[in-house]
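The values are calculated or read from the model by the stated rules, or taken from the named source; none is laboratory data. Nothing here was measured: the structure is a model prediction, and the numbers come from that model. Positions of Cβ are generated from backbone atoms using ideal geometry, with glycine treated the same way; all protein chains shown enter the neighbour counts. Ligands, DNA and RNA are excluded from the accessible area calculation, which covers all protein heavy atoms including side chains. Shrake-Rupley method; radii C 1.70, N 1.55, O 1.52, S 1.80 Å.
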Amino acid sequence: MRQERSADKPQMKKPAPAVKKPAPAAKKPASADKPANCPYRKKCGGCQYSEISYPEQLRMKERKVRRLLEGFGEVKPITGAEDPFHYRNKVTASFGFRNGKMISGVYEQKTHRVVNIDRCLIQDERADRIIHIMRDLFVSFKLKAYDEDSGFGLIRHVMVRTARATGQIMVIIVTANQVFPGSRNFVNALREKCPEITTIVQNINSQRTSMVLGNREKVLFGKGYIEDVLCGLRFRISAGSFYQVFPEQTEKLYAKAVELAGLRGKGLLLDAYCGVGTIGMIASRDAEQVIGVELNPDAVKDAEANARANGIRNISFYANDAGLFLQDLAASGIRPDVILMDPPRTGSTREFIESACRTKPERIVYVSCNPETLARDLKLFKGFNYRMREAWPFDNFPLTEHIETVCLLSGNS
Ligand code: SAH
């Protein structure tokens, strides 16, 4: 199960040596035209571009997309963010000890030690505050941070997911063990200090793995999911379901994807790699019928609940590998008019691309969070006579090197 398709680093750790002075908290500059210079930049490695002004970041990203994609078709100008700070609606913190104190933050680049982070430039500030409060509560409740080398300790990670439009907040406590002593009192204390939290979930991850979340979970408070509103529709998001991290930019990206699909009230749309059903549901207003396919069964459950909650009847979801599903679809003679695909960072597969072209859709809309794998896949598409007509880059990950791109492809005829 994939939990994150961009910017997540390997999550392992080693004991940390003592450090005398804590790093100062990151300060947002008065204007995005100036570099932010995050003090954690070198150790954390999450924001490769924090020392570059925002307009320059946009120029660099557009140049990169042009370099990789211009050989395939037209590249349009990049769409930047109005406010490039504190946009991330999903924050994961790891915990450790330094000088006898519990610290929280991310794993140091390549060294597997926790970097204590007091204020991050891209994370939702409410999430930062909740994590700091939890760090203190873990100490008062004598709950120990999990050490991957020794296997001791209970608390592996805390993930906070916030919904911009509804204000709902989900806290996921990832424990190494099912037994969470004093969990009821802990939850009460946390809710008292942070009444804005709407649900708390314990996720159990007892495997030696770099994945943040395990397969089992227990709802400790609330509904076990949050809901957000995107492009006028309400989406339910569970702990392990993929959901874009920057909602304002996501709305622009999805609107472009739906526009490029060119449905105009008719046709069958296949939403491949559909997650909780976002793009397919937004496009369903312009299609006769929509089929969504997604590997993660929890996301499919969310997608089905989302369709019901929004009263959308012309959509159905399947939990399957997108490539296998499309092969079956092609074999059974079903032909989508438009295929919308939004694969993870690793891109799509030859099987998917070959079957997609074999069903001869009028248009293919490819949403990508990695222009390198996108370029690789466009080459494969070209081999099956589908060409990229236009590519629209979006900055959905300011201060980092990551870029989102949506492309339109059509057949050679
Ligand atoms: N379109 C959605 C999700 C995109 S993220 C959105 O915009 O929110 C990519 C999704 O692909 C994730 O939900 C992941 O679980 C899913 N995925 C990864 N590999 C897959 C595969 N082989 N087949 C189908 N879905 C897959």
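The table below gives the values:
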{"item": "Subset of the stretch 282-296 (residues that are buried (at least 18 other Cβ atoms within 10 Å of the Cβ) and more than 10 Å from the ligand (Cβ to nearest atom))", "result": "Ala283, Ser284, Asp286, Ala287, Val290, Ile291"}
{"item": "Sole exception among (1) in contact (Cβ under 8 Å) with a residue 40 or more places away in the chain; (2) under 18 Å from Ser410 (Cα atoms); (3) open to solvent by 10 Å² or more (accessible area, probe 1.4 Å) for Leu326, by number", "result": "(3)"}
{"item": "Failed item, numbered, when Gly45 is tested on (1) farther than 30 Å from Cys407 by Cα; (2) among the small types (Gly, Ala, Ser); (3) buried (at least 17 other Cβ atoms within 10 Å of the Cβ)", "result": "(1)"}
{"item": "Ile279 being under 26 Å from Gly411 (Cα atoms) and within 9 Å of the ligand (Cβ to nearest atom)", "result": "yes"}
{"item": "Within the stretch 202-213, tally of residues that are buried (at least 19 other Cβ atoms within 10 Å of the Cβ) and either out of contact with any Gly (no Cβ under 8 Å at 6 or more places or on another chain) or under 16 Å from Val91 (Cα atoms) (or both)", "result": "4"}
{"item": "Matching residues in the stretch 169-201 - criterion: being within 20 Å of the chain's Cα centre (by Cα) and crowded, with 21+ Cβ neighbours inside 10 Å", "result": "Ile169, Met170, Val171, Ile172, Ile173, Val174, Ile200, Val201"}
{"item": "Sole exception among (1) under 30 Å from Glu227 (Cβ atoms); (2) away from the ligand (no atom under 13 Å from the Cβ) for Pro344, by number", "result": "(2)"}
{"item": "Condition check for Ala299: crowded, with 18+ Cβ neighbours inside 10 Å, touching a residue at least 60 places away in the same chain (Cβ under 8 Å) and assigned to a helix (DSSP H, G or I)", "result": "yes"}
{"item": "Selection status of Ala319, among the aliphatic types (A, V, I, L, M), at pLDDT below 95 and surrounded by 17 or more Cβ atoms within 10 Å (Cβ to Cβ)", "result": "no"}
{"item": "Looking only at the stretch 322-349, and only at residues there that are farther than 20 Å from Ala257 by Cβ and among the small types (Gly, Ala, Ser), the one that is modelled with the highest pLDDT", "result": "Gly323"}
{"item": "Residue list for the stretch 297-333, restricted to those being of a type in the set (Gly, Ala, Ser) and away from the ligand (no atom under 11 Å from the Cβ)", "result": "Ala305, Ala307, Ala309, Gly311, Ser316, Ala330, Ala331, Ser332, Gly333"}
{"item": "Residue pairs meeting the criteria (Cβ under 8 Å; at least 6 apart or on separate chains; first among the acidic types (Asp, Glu), in the stretch 38-59; second open to solvent by less than 20 Å² (accessible area, probe 1.4 Å))", "result": "Glu51/Ala36"}
{"item": "Residue count for the stretch 348-369, restricted to those that are over 18 Å from Leu253 (Cα atoms) and within 13 Å of the ligand (Cβ to nearest atom)", "result": "8"}
{"item": "Gly265 being over 23 Å from Lys223 (Cα atoms), more than 14 Å from the chain's Cα centre (by Cα) and either assigned by TED's automatic domain parsing to the domain that holds Ile172 or at pLDDT below 95 (or both)", "result": "yes"}
{"item": "Residues (aromatic (Phe, Trp, Tyr), open to solvent by less than 30 Å² (accessible area, probe 1.4 Å) and more than 18 Å from Thr400 (Cβ to Cβ)) located in the stretch 80-133", "result": "Phe95"}
{"item": "Complete set of residues in the stretch 235-275 that are in a loop (DSSP other than H, G, I, E, B), more than 11 Å from the ligand (Cβ to nearest atom) and aliphatic (A, V, I, L, M)", "result": "Ala239, Leu263"}
{"item": "Any pair with Cβ under 7 angstrom, 6 or more apart, that starts in the stretch 340-363 at a residue that is of a type in the set (Val, Ile, Thr) and ends at one that is within 16 Å of the ligand (Cβ to nearest atom)", "result": "Thr346/Thr373; Thr349/Gly323; Ile353/Asp377; Ile353/Leu380; Thr359/Leu329; Thr359/Ala330; Thr359/Pro336"}
{"item": "Verdict on Ile237 being within 28 Å of Ile122 (Cα to Cα) and surrounded by 23 or more Cβ atoms within 10 Å (Cβ to Cβ)", "result": "yes"}
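Here's the yes/no breakdown for (1) within 30 Å of Tyr54 (Cα to Cα); (2) aliphatic (A, V, I, L, M); (3) open to solvent by less than 10 Å² (accessible area, probe 1.4 Å):
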position	(1), (2), (3)
Arg345	yes, no, no
Arg350	no, no, no
Ile364	no, yes, yes
Lys379	no, no, no
Phe384	no, no, no
Phe394	yes, no, yes
Pro398	yes, no, yes
His402	yes, no, no
Val406	yes, yes, yes
